[in-house]
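Below: one structure, written as structure tokens.
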Amino acid sequence: MDIRDVRFKVSAVAAAVVLVAGFLLYLQHRSSSGGDEPYTGPPATPGTPAAQPGQTRRIALNTQPSDYPRLKELGYNLVDAKPDDSLLAGVPDGMQALLWVGNFTCGAFDLDYDGFVRAVQRYGHSPKVYGWYLSDEPDTGRCPKIAGEIRRRADYIRQHAPGQVSFISLTDWPMKQLAPKRVGVDLYGLDPYPCKGSADAQDSCNIGAIDRMVRLADDAGIPRAQVAPVLQAFGQSCTKGDKQYWLPTQAQFRKILARWDRLAPRPRLEISYSWGHQSEWACPSLADASGGDHPDLQSIMKARNTAR
């Protein structure tokens, strides 16, 4: 999701190294592909609801156990974690975990296949587990073999973790080899970040970037019912590294939500990126966005997450 460390506590330093490399590749690709230009193509067609009212699962990424009470108060019902007994024990009642076992772009998987199998065998029937995060922005253009590994893992989840979902997050890299009919994944995060071009807030965001990526997913054969919107809830004014994105204003954030509501209404899963800080690319984040020096995006998300 991309430009990010979705998580995790246990091996944070190693993960950060991988993420920095992945993010640099991401930026290079976006620059060379023209993905940063304002989208002027046709809008995506409206979608149809994927879930019943009140059944959308909601997660804010890059969290710590100490964040869980506040997230629950804001109406989030999923947390990100690794497959670890102590971490799952800290998931509050009424919440579940999306377990990170994946890779970034073309990198190695966090668990090799044998380790992944052991994790599914241990947690595949756990009521604390919602699903498995198998890959973050896999780049099948440069690394075509990654699709086969995702399929192998998605197939194993389907066979050995009934009721739990497989999930990957995509950017505007080639998607066709990752369509459900090819890899069998249940849910797909799409992560256009419309408020880009400066670390300081600008007058408008490129909302058409959402339409562009949704149309790419349509063309690749990814059904709208399997799309999980990734909401931009970060900026880069206080990062140490890249400074291309700004934290949306409240009005801009509402426009982002409105466009997603048109294109992927009532999705099965909705993702806020990012709750926590990341020194290279996510600061400020949703954890800061409670008013005062930053837009109050938390109140907007609480109203959205708790609406019935």
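The values are calculated or read from the model by the stated rules, or taken from the named source; none is laboratory data. Computed from a predicted model, the values in this text were never measured in an experiment. Backbone-built Cβ (ideal geometry, glycine too); neighbour counts: all protein chains shown. Protein only, heavy atoms only, side chains kept; ligands, DNA and RNA dropped before computing areas. Shrake-Rupley method; radii C 1.70, N 1.55, O 1.52, S 1.80 Å.
Looking at the structure I just gave you, is residue 254 within 18 Å of residue 273 (Cα to Cα), assigned to a helix (DSSP H, G or I) and open to solvent by 30 Å² or more (accessible area, probe 1.4 Å)?
yes
Out of region 219-255, which residues are hydrophobic (A, V, I, L, M, F, W, C) and within 15 Å of the chain's Cα centre (by Cα)?
227, 228, 230, 231, 233, 234 - these are the residues of region 219-255 that are hydrophobic (A, V, I, L, M, F, W, C) and within 15 Å of the chain's Cα centre (by Cα).
Look through region 152-172, keep the residues that are of a type outside the set (Ser, Thr, Tyr), out of contact with any strand residue (DSSP E or B) (no Cβ under 6 Å at 6 or more places or on another chain) and farther than 23 Å from residue 215 by Cα, and return whichever of them is surrounded by the most Cβ atoms within 10 Å (Cβ to Cβ).
Ranking the qualifying residues of region 152-172, first place goes to 161.
Tell me whether region 295-305 contains one or more residues that are in contact with a Ser or Thr (Cβ under 9 Å, 6 or more places away or on another chain) and under 24 Å from residue 172 (Cα atoms).
No, region 295-305 contains no residue that is in contact with a Ser or Thr (Cβ under 9 Å, 6 or more places away or on another chain) and under 24 Å from residue 172 (Cα atoms).
Scanning region 272-305 for residues that are at pLDDT 95 or above and among the aromatic types (Phe, Trp, Tyr), which turns out farthest from residue 53 (Cα to Cα)?
Step by step, filter region 272-305, then rank; the result is 275.
Is it the case that region 199-215 has a residue that's open to solvent by 50 Å² or more (accessible area, probe 1.4 Å), in a loop (DSSP other than H, G, I, E, B) and among the aliphatic types (A, V, I, L, M)?
Scanning region 199-215 turns up at least one residue that is open to solvent by 50 Å² or more (accessible area, probe 1.4 Å), in a loop (DSSP other than H, G, I, E, B) and among the aliphatic types (A, V, I, L, M).
With the structure loaded, tell me whether residue 26 is among the aromatic types (Phe, Trp, Tyr), open to solvent by less than 50 Å² (accessible area, probe 1.4 Å) and modelled with pLDDT of 95 or more or whether it fails that test.
Against the criterion (among the aromatic types (Phe, Trp, Tyr), open to solvent by less than 50 Å² (accessible area, probe 1.4 Å) and modelled with pLDDT of 95 or more), residue 26 does not qualify.
Give me the residue from region 280-308 that is in a helix (DSSP H, G or I) and open to solvent by 30 Å² or more (accessible area, probe 1.4 Å) and, out of that set, farthest from residue 253 (Cα to Cα).
Top of the filtered list is 306.
List every residue pair whose Cβ atoms lie under 8 Å apart, where the two residues are 6 or more positions apart in sequence or sit on different chains, the first residue falls within region 137-158 and is under 12 Å from residue 116 (Cβ atoms), and the second residue, located anywhere, is hydroxyl-bearing (Ser, Thr, Tyr).
149/113; 150/135; 152/113; 153/113; 153/166; 154/166; 157/166
Only residues that are within 16 Å of residue 247 (Cβ to Cβ) and touching a helix residue (DSSP H, G or I) at 6+ places or on another chain (Cβ under 8 Å): list them for region 281-304, please.
Correct list: 281, 286, 287, 289, 290, 291, 295, 296, 297, 300.
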